[in-house]
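Just passing along the structure, written as structure tokens.
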Ligand SMILES: *Cc1c(COP(=O)(O)O)cnc(C)c1O
């Protein structure tokens, strides 16, 4: 089988064993004589998959009984609205730290529901870095502080989360969810679309702490209330069963690899190889991101001209390297090396980068 070197930013590469497991189980799953797509979400076989996925997320992060894990539809983009719809009163203020394209969208939605204080405006530094603690203009007793843990397009990432003085952090972790172990205590709510780091598109993971859940507004439509889904273990209505099943396959494979510590070591090694290649040849490769804010997931860089960038993408594609083109809003090159991106792919792109620089430098 010839799998491509897949660097798409999302939907993105999945572990081959997780895909092969699905392939093997597709027509006759768990002895049911059906695929998981054709079985009731109220069946005991489906329940086992659903609960295993939740249990693995709780285990990996070390979530205690005060956190609930939900599987919702609508993508991370729906969470931009659902978070303030549930949490932010008309006269209340939420702090938003603006570090990229996605935080901008989250801010626009929050403004529909209450006051938004932009505690740091990343545009002032060209969105090339994460703010320092002393740059944050936090509101005392804000409802919450919203961050984007990894900026998928600009290629920046929070390496240390901000100190919010006890105000709960709400984090969009769509593009680096479970890339390493982290302390969940400062977080009141975490959301992540599955299709970057965890599975296929179609399910969004929401982790919500009980005290935050208890404070959610009651007057929202049933489907848009976290409480509805928390109360029914995300089975209030039909959940996206196949995406959840694939998420389970990916999590189960991650557990076989040794859990988040092993995943982090693998990710650090992969990103390190690419950044070392960039830094070793600064006349050819230019990294626009501040060194202290570099993303381990989305590695962005520029070449000496846009013509060379187009050539790099085309020649890469001819070598079955997919998704090297930077986001249309920023240009340049982006290598997305999420959890499931194999080392062989990174080694292949690094060899190609060196060869290309030699031939065109
Ligand atoms: C991709 C992405 C989103 C949008 O996700 P959808 O599931 O397409 O709505 C939001 N935030 C971040 C950080 C992302 O990378």
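Coordinate-derived values only; no laboratory data. No experiment lies behind these values; they were computed from the predicted model shown. Methodologically, a virtual Cβ is constructed for each residue, glycine included, from the backbone with ideal geometry; neighbour enumeration extends over all protein chains shown.
For residue 351 and residue 276, what is the calculated FRET efficiency with R₀ set at 22 Å and r taken between the beta-carbons, to the nearest 0.05? Walk me through the numbers before you get to the answer.
Numbers: r = 13 Å, r/R0 = 0.59.
Calculated value: 0.95.
At 7 Å along Cα-to-Cβ for each site, give me the label-to-label distance between residue 215 and residue 257 in nm.
3.5
Hey, could you grab the Kirkwood Rh for the chain? Inverse mean 1/r over distinct alpha carbon pairs, Å, one decimal.
Values: mean 1/r = 0.0470 Å⁻¹.
Taking the inverse mean of 1/r over all distinct Cα pairs, the chain comes out at 21.3 Å.
Here's another thing I want to ask about it. Dividing the alpha-carbon Rg of the stretch 134-198 by 2.2 N^0.38 Å yields what? Working shown, then result.
Working: Rg = 12.1 Å, N = 65, 2.2 N^0.38 = 10.7 Å.
So the stretch 134-198 has a normalised radius of gyration of 1.12.
While we're here: Can you give the FRET efficiency to the nearest 0.05 for residue 291 and residue 183, using r as the Cβ-Cβ distance and R₀ = 22 Å? Please report the intermediate quantities before stating the final value.
Values: r = 24 Å, r/R0 = 1.10.
With R0 = 22 Å, the Cβ-Cβ based efficiency is 0.35.
Show me the ranking of peptides 137-144, 298-305 by mean Cβ neighbours inside 10 Å, starting with the highest. Please report the intermediate quantities before stating the final value.
Details: 137-144: 16.8, 298-305: 20.9.
Result, highest mean first: 298-305, 137-144.
How would the stretch 36-152 be classified by its alpha-carbon gyration tensor: rounded, prolate or oblate, with rounded meaning a/c under 1.5 and the a/b versus b/c comparison settling the rest? Walk me through the numbers on the way to the answer.
Details: a/c = 2.23, a/b = 2.02, b/c = 1.10.
Judged from the Cα gyration tensor, the stretch 36-152 comes out prolate (a/c at least 1.5, a/b above b/c).
So if each residue of separation counts as 0.36 nm, and I subtract the Cα-Cα distance between residue 92 and residue 125, what length gain in nm does that give? Intermediate values should be presented prior to the final figure.
Details: separation 33, 0.36 × 33 = 11.88 nm, distance 2.81 nm.
Between residue 92 and residue 125, full extension yields an extra 9.1 nm.
In addition: Can you tell me the relative contact order of the chain? Whole percent, Cα pairs under 8 Å, sequence separation 6 or more.
On the way: 653 pairs, mean separation 82.0, N = 361.
Computed value for the chain: 23 percent relative contact order.
On to the next question. Would you please classify the overall shape of the stretch 282-361 from the alpha carbon gyration tensor, given that a ≥ b ≥ c denote the square roots of the eigenvalues, rounded means a/c under 1.5, and beyond that prolate means a/b larger than b/c while oblate covers the rest?
Values: a/c = 1.39, a/b = 1.06, b/c = 1.31.
Rounded is the answer for the stretch 282-361, as its axis ratio a/c remains below 1.5.
Would you mind classifying the stretch 107-251 by shape? Square roots of the alpha carbon gyration tensor eigenvalues, ordered a ≥ b ≥ c; an a/c under 1.5 is rounded, otherwise it is prolate if a/b is larger than b/c and oblate if not. Write out the running numbers ahead of the final one.
Working: a/c = 1.93, a/b = 1.29, b/c = 1.49.
In terms of gyration-tensor shape, oblate.
Between residue 42 and residue 3, what is the spin-label point distance in nm, taking each point 7 Å from the Cα along the Cα→C-beta axis?
3.8
Please compute the modelled spin-label separation between residue 65 and residue 320, points set 7 Å along Cα→Cβ, answer in nm with one decimal.
Going by the 7 Å Cα→Cβ label model, 5.1 nm.
Also, I was wondering about something else. I need the calculated FRET efficiency for the pair residue 135 and residue 236, taking r as the beta carbon distance and R₀ as 51 Å, to the nearest 0.05. Mind showing how you got there, number by number?
Details: r = 41 Å, r/R0 = 0.81.
Once rounded, the FRET efficiency stands at 0.80.
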